[in-house]
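Working notes, structure below.
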Amino acid sequence: MYRLLMLAALMLPPGAGAAQEPAAGLVTAAGQARDAWFAHDAARLVAGSPRLLVQLPGADPSAALPAPQAAALLADFLASAQEVETVVRAAREVERGRGYVELQRRYRVAGTQEIRTQSLLLGYRLERTGWSLVELRVVG
């Protein structure tokens, strides 16, 4: 159900209701995630996450991982790529305390000139200290 809500939220047009208006803190979190991904700084990307569900292309979803383990998994995934561009495509609070961010990355695999594109779907939960990343899916 959680994943269906995440995908449905990203499909809704901006302004489709008050729940879709991005909270200022979520927009900030989206920008920080974009910057960390582009810099291949997996530790910064997952900093503050208590546990994180990670799904990478060609792999089954992980169980919820502690931040250091999620960072190691993501760092390994990113190691063979050179980022060309990473942009925030959407940032929405879809229900009280639940937010979703879509990033689009353009990258090259090491040793090639071909530019590929992937979407990153990030699920956030609002904590007392701010938005905490709880799910990251790489698709495409």
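No value in this document is a laboratory result; all are computed from the given coordinates. Quick caveat: nothing in here was measured; it's all calculated off a predicted structure. Methodologically, a virtual Cβ is constructed for each residue, glycine included, from the backbone with ideal geometry; neighbour enumeration extends over all protein chains shown.
A few remarks follow.
- Selected residue [small (Gly, Ala, Ser), farther than 17 Å from Val27 by Cα, touching a residue at least 40 places away in the same chain (Cβ under 8 Å) and out of contact with any Lys or Arg (no Cβ under 6 Å at 6 or more places or on another chain)] from Gly140, Gly111: Gly140
- Within the stretch 37-82, the set of residues being out of contact with any Gly (no Cβ under 8 Å at 6 or more places or on another chain), among the small types (Gly, Ala, Ser) and over 16 Å from Arg137 (Cβ atoms) comprises Ala39, Ala43, Ala47, Ala71, Ala72, Ala75, Ala79, Ser80, Ala81.
- When Leu103, Leu126, Leu122 are checked against the criterion of being under 12 Å from Leu26 (Cβ atoms) and under 11 Å from the mean Cα position of the chain (by Cα), Leu122 stands alone in meeting it.
- Of all residues in the stretch 89-140, none satisfies the criterion of being surrounded by fewer than 18 Cβ atoms within 10 Å (Cβ to Cβ) and of a type in the set (Phe, Trp, Tyr).
- Look at (1) free of Cβ contacts under 8 Å to residues at least 24 places away in the same chain; (2) in contact with a Pro (Cβ under 8 Å, 6 or more places away or on another chain) and you find that Arg116 fails only one, number (2).
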